[in-house]
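Asks: Pasting a structure here, questions to come.
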Amino acid sequence: SNLLPPTLLPERLTSRHTAMVSPAIALAFIPFVVTLLIRYRHYFCLFYRAVLVRRVRDYLTGIPKEERAFQYILTHTIPGDPQHILETFDHWSYHCEYLSNLGPQKAKILERLIYEKSPLRVLELGTYCGYATILIAQLLPLGARLYTVEMDDRKAAVAEKVIRLAGFDDDTVSGLGFHSCPCQAAGGRGAELEA
């Protein structure tokens, strides 16, 4: 009377069996997920700071991260002191918001390279906020020239303000912005750049 037809019996058992096995499988992965979270917590924190917090702040303030960094540098640094500006960049990156720049460890490598080679002309591709530009410009010998290119006009505008705040003018650093790239001005054929 209450017996199910034989064709429905295996289907009902399968769904009940699946309902019991799914939580067991999920519970088995919890230690694995916790281990990953603990082991790679720095990457998760970086993702949280660099992506999630940045997007929320960009949305709430209406100001991009690079412009917020410039405002911080403008209020917390000594104009005309490139080293202090670099230290302020580092402080902003470590304590306020993540900012993708060289940082002090990689800066030492670049410093050593500039001292060893003593170049008269340097081409920097990707100015971003101007951190490496300021670092290179302060290390160049007298009469040397730094050409820098940034494809994003907003970032180029921020970088130009930061570079000018550091005390560098067009005699030392030039070529901010994609459209003023010295390579394009020379015909885009990789012609040699002259001061």
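Asks: For Y128, all conditions in the list (1) at pLDDT 70 or above; (2) on the phi > 0 side of the Ramachandran plot; (3) surrounded by fewer than 20 Cβ atoms within 10 Å (Cβ to Cβ) hold save one; what is the number of the exception?
Replies: Just one mismatch for Y128, condition (3).
Asks: Scan region 136-167 for residues that are of a type outside the set (V, I, T) and either closer than 18 Å to R68 by Cβ or outside the structural domain of P82 (by TED's automatic domain parsing) (or both) and jot them down.
Replies: E150, D152, D153, R154, K155, A156, A157, A159, E160, K161, L165
Asks: All but one of (1) over 28 Å from R164 (Cα atoms); (2) more than 14 Å from the chain's Cα centre (by Cα) hold for D58; state the number of the condition that does not hold.
Replies: Just one mismatch for D58, condition (1).
Asks: I'd like the residue in region 110-124 that is of a type outside the set (A, V, I, L, M) and in a strand (DSSP E or B) and, out of all such residues, is farthest from I134 (Cα to Cα).
Replies: R121
Asks: Return only the number of the condition from (1) out of contact with any strand residue (DSSP E or B) (no Cβ under 9 Å at 6 or more places or on another chain); (2) part of a loop (DSSP other than H, G, I, E, B); (3) within 20 Å of T148 (Cβ to Cβ) that T127 does not satisfy.
Replies: Just one mismatch for T127, condition (1).
Asks: Only one of (1) of a type in the set (D, E, K, R); (2) under 19 Å from the mean Cα position of the chain (by Cα); (3) assigned by TED's automatic domain parsing to the domain that holds E160 fails for D81. Which number is that?
Replies: (2) is the only condition that D81 fails.
The values are calculated or read from the model by the stated rules, or taken from the named source; none is laboratory data. Computed from a prediction, not measured in an experiment: that's the story for all the values here. Here Cβ is always computed from backbone atoms with ideal geometry, including for glycine, and neighbour counts include all displayed protein chains.
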